[in-house]
Amino acid sequence: MYLDIDGAMSYATVWLNGRLVGGWPYGYNSWRVDLTPYVEFGARNQLAIRLDNPPESARWYPGGGLYRDVRLTTTAPVHVAQWGTTVTTPEVSERSATVHLAVEVDNTTGAPVQVQVETEFFELDAQGRPQGEAVARIPAVGFDIVAGGSTKATSRAQIASPRLWGPPPTQQPNLYLAVTTVRRGGRVVDRVETRFGIRDVQWDPDRGVIVNGEHIVLNGVNQHHDLGALGAAFNRRAAQRQLEILRDMGVNAIRMAHNPPDPQLLELTDRMGFLVIDEVFDSWEKKKTPLDFHLVFPEWHEADLRAMLRRDRNHPSVILWSVGNEVGEQYDGEEGAAIGRRLVQIVREEDPTRPATASMNWAKADMPFPAEFDVINLNYQGEGIRQEPEFEGTERIRTPPSYPAFRAAFPDKVIFGSETASSLSTRGTYLFPVTPLQSAPVRDHNGGGDSARQLVSAYELYAVDFGSSADKVFATLDRHPYVAGEFVWNGFDYLGEPTPYYSARSSYSGLIDLAGFPKDRFYLYQARWRPDLIVGAFAERIKFKAVLLFSVLWSPRPDLPMAHILPHWNWPGREGEVTPVHVFTSGDEAELFLNGVSQGRKKKGPYQYRLRWDEVVYEPGELHVRVWRGGREWTEARVQTTGAPARLALEADRTAIGNDGRDLSFITLRVLDAQGRAIRNADSLVRFEIEGPATLVATDNGDPRDLTAFPSPERRAFSGMALAIVRAVPGQSGTVRVVARSEGLEPATVELRVGDDGEPR
Ligand code: GAL
């Protein structure tokens, strides 16, 4: 009898019937304790888990408690070990794939045993269900296991015409299931299922990551583990929604900053086809906060690193292991490099198929540290750090743009930006004047509000001191085409680290706010990243070999016709004042009209990623942009001055949800004027009510300054929007009405169906 814990925050100790069984300090890892010696069979047992969450244990909000799944696993005395199956696919071609399987079986009895192990392989459909007959099998092999020992049996199978795993839209994330059966004396004693994918990943120093022969530019984001208003407790649907929103922006890769994620998140990245960097530590021996992992690093780094590698190595989405983020040991010369070497050695032992890295914001190309890693991951150094004149002569770390130096020192290694930008903004908030530069460090009254207002301008040109705007990062990448791509800091706003206004609750760096609403920056990335889904679907149909040919002839382009205008156009009192208008578009040329009067036609120049009309003088009415691409009409967009708030509108992301107590509906509220136009700067106070078998879990609006408790049914709209998160009462079915009211405004209602089925997730 085992207790399997997917994550307990933190310093967990497990007690059964008053006796200490074991525990695990690091709150992000998965681990198991053996309860068997302490169980009183046939009696009532008391299991207790003690947790201790010290303050200052992280640079962000870590959460606390049993925030991931906990399972009681009962097995026969002879059974497959914890994470006891390892699948690799050493040879992959269009015709056939070789699948290697290692199965480790534990014998907890006091006598030697003989077991027979066999495995069948099945294709999985898009919902993760096995399809049809087995596509391959490894026939039963017998082996002996000594008393109290374990044995690992390795074997291989061939899968003909494999359906490969790869990132959409040009590839599909096809998955397989290995079903392993263990028999003892002819009787089945264990059966385990291992999901895996068949894919070939190559690391090419001149181009970057090659998946199944196709060059995939890493259009990635960093993600923290919390889920906004829901806190750190994992929820599958909330995580899936985050991935859906990121996909809509064009993201194809995720870095798990800076700790092992909930294992269900990797099931989702497998199913949806994201490329993942799985990262284990934010600190080694040197601390970043007084009570962080450095306290236990000497005793626990090996167990923690091996746990992550063993748990996650069958996930096809994981392409790279990171053993650390910006650790203090980068500065340490040979001593720090030696720790890196030791960690990389552990990676090699557990998984010889994937490279290892550590992210560096300080180590230079000629230092011992970077030489230890297979892949060069730079944080912010690619663009250069604090190169602006205001930092000249200061004590603060200044670094010139570093891609060329690392390329020269490591011509055989892939290089990319594992953290880029750290640019900041508050959704839908525009402050004046607007910097004429492409990128500027945020300051009070220059991009920032002030410490009373705690706002950062959403013109999306401002960054932390060591960071850069998106535009500057794009220019750097385009100037260094050997760089494999970037992971933006960061995807969704997260709890904690509210740079630059530290009394706020949540970060300003997300491309998407804490509630899941896109900031203006979202569209700047979408314009560059979002590929053409139709071409992608075609590539999938014509399969592997054709994809290779195809990707040589055609490099994916952002083909989604889109244009986004900022700011909003409700500026009573700004009449006659300069109010710059910027357009983010996948087109290359545009003409802007204000109330029908042309403000000029502009074309993106080299290394320019937005179109800006910085001299527009405000008058209420309509902004209209017409966009061209390659000289052809491409798309258009409009923004109008709206009237006063008149009514509310609600929209659910899913109107049918399951009643398992976990499934969620995310409902977006907008404030509209009498003509039904969304008011992008409305801040009405809203109250959510629920009728029927559901509960309101939380509300939010994405405003980093809003300290209203998340479960509150009352929430002020922020920049015109608010969010309600609703869950069915477990086991109950029926119709739910979610109503939003605000004084003086027409209320809004949305109906949900809750029941056993929901929609497939
Ligand atoms: C990086 C760090 C991240 C986050 C970010 C904020 O240096 O690795 O965890 O703190 O800065 O800008």
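Looking at region 268-303, which of its residues are aromatic (Phe, Trp, Tyr), open to solvent by 10 Å² or more (accessible area, probe 1.4 Å) and within 16 Å of the ligand (Cβ to nearest atom)?
Phe293
Here is a list: Gly84, Gly42. Which entry is more than 16 Å from the ligand (Cβ to nearest atom) and not assigned by TED's automatic domain parsing to the domain that holds Gln158?
The match here is Gly42.
Identify, please: which residue in region 616-658 is among the hydroxyl-bearing types (Ser, Thr, Tyr) and buried (at least 18 other Cβ atoms within 10 Å of the Cβ) and is, among those, nearest to Leu685 (Cα to Cα)?
In this case the residue turns out to be Thr642.
Evaluate region 723-731: report whether one residue or more is open to solvent by 80 Å² or more (accessible area, probe 1.4 Å), at pLDDT 95 or above and more than 27 Å from the chain's Cα centre (by Cα).
The answer is yes, given that some residue of region 723-731 is open to solvent by 80 Å² or more (accessible area, probe 1.4 Å), at pLDDT 95 or above and more than 27 Å from the chain's Cα centre (by Cα).
Output the strands (runs of 3 or more DSSP E) that fall wholly within region 304-416 and possess 2 or more residues being away from the ligand (no atom under 16 Å from the Cβ), or say none.
Qualifying strands (runs of 3 or more DSSP E): 318-325.
Return the residue satisfying two criteria in turn: it lies in region 240-257 and is open to solvent by less than 10 Å² (accessible area, probe 1.4 Å) and of a type in the set (Val, Ile, Thr), and of such residues it is farthest from the chain's Cα centre (by Cα).
Val251
Residues of region 690-717 being of a type in the set (D, E, K, R), open to solvent by 60 Å² or more (accessible area, probe 1.4 Å) and closer than 27 Å to Val754 by Cβ, which ones?
Glu691, Glu714
Starting from region 702-720, keep only residues that are over 12 Å from Arg427 (Cα atoms) and touching a residue at least 12 places away in the same chain (Cβ under 8 Å), then list their pairs with residues that are open to solvent by 20 Å² or more (accessible area, probe 1.4 Å) and part of a strand (DSSP E or B) whose Cβ atoms are within a distance under 6 Å, requiring at least 6 positions of separation or different chains.
Pro713/Arg687; Pro713/Leu696; Glu714/Arg687; Arg716/Leu685
Taking region 26-47 only, how many residues are open to solvent by 10 Å² or more (accessible area, probe 1.4 Å) and out of contact with any Leu (no Cβ under 8 Å at 6 or more places or on another chain)?
Total satisfying the criteria: 10.
Only one of (1) open to solvent by 10 Å² or more (accessible area, probe 1.4 Å); (2) in the same structural domain as Val221 (by TED's automatic domain parsing); (3) on the phi > 0 side of the Ramachandran plot is not met by His445, so which one is it?
Every condition holds for His445 apart from (2).
Name the residues in region 61-83 that are in contact with a Pro (Cβ under 9 Å, 6 or more places away or on another chain) and surrounded by 17 or more Cβ atoms within 10 Å (Cβ to Cβ), would you?
Of everything in region 61-83, just one residue is in contact with a Pro (Cβ under 9 Å, 6 or more places away or on another chain) and surrounded by 17 or more Cβ atoms within 10 Å (Cβ to Cβ), namely Arg68.
Taking region 493-508, which residues are in contact with a Ser or Thr (Cβ under 9 Å, 6 or more places away or on another chain) and buried (at least 24 other Cβ atoms within 10 Å of the Cβ)?
Asp493, Tyr494, Ser507, Tyr508
Restrict the check to region 57-64 and report whether at least one residue is among the charged types (D, E, K, R), more than 16 Å from the ligand (Cβ to nearest atom) and either modelled with pLDDT of 95 or more or not assigned by TED's automatic domain parsing to the domain that holds Gln264 (or both).
no
Output the residues belonging to region 585-623 that are outside any strand (DSSP E or B) and of a type in the set (Phe, Trp, Tyr).
Those that are outside any strand (DSSP E or B) and of a type in the set (Phe, Trp, Tyr): Tyr607, Tyr609, Tyr618.
Keeping to region 365-400, report how many residues are open to solvent by 70 Å² or more (accessible area, probe 1.4 Å) and either in contact (Cβ under 8 Å) with a residue 24 or more places away in the chain or not polar (S, T, N, Q) (or both).
Of the residues in that region, 10 qualify.
Mind listing whichever residues of region 500-532 are hydroxyl-bearing (Ser, Thr, Tyr) and within 14 Å of the ligand (Cβ to nearest atom)?
Within region 500-532, Tyr501, Tyr502, Ser506, Ser507, Tyr508, Ser509 qualify.
Looking at region 207-220, can you tell me whether even one residue there is open to solvent by less than 30 Å² (accessible area, probe 1.4 Å), within 16 Å of the ligand (Cβ to nearest atom) and in contact (Cβ under 8 Å) with a residue 60 or more places away in the chain?
yes
Filter region 466-494 for residues that are among the aliphatic types (A, V, I, L, M) and away from the ligand (no atom under 13 Å from the Cβ) and give the result.
Ala470, Val473, Ala475, Leu477, Val483, Ala484
The values are calculated or read from the model by the stated rules, or taken from the named source; none is laboratory data. This is a predicted model, so every value here is computed, not measured. With ideal geometry, Cβ positions are generated from the backbone for all residues, glycine too; neighbour counts draw on all protein chains shown. Each accessible area value is taken on the protein alone, full model and side chains, heavy atoms only, with ligands, DNA and RNA left out. Shrake-Rupley method; radii C 1.70, N 1.55, O 1.52, S 1.80 Å.
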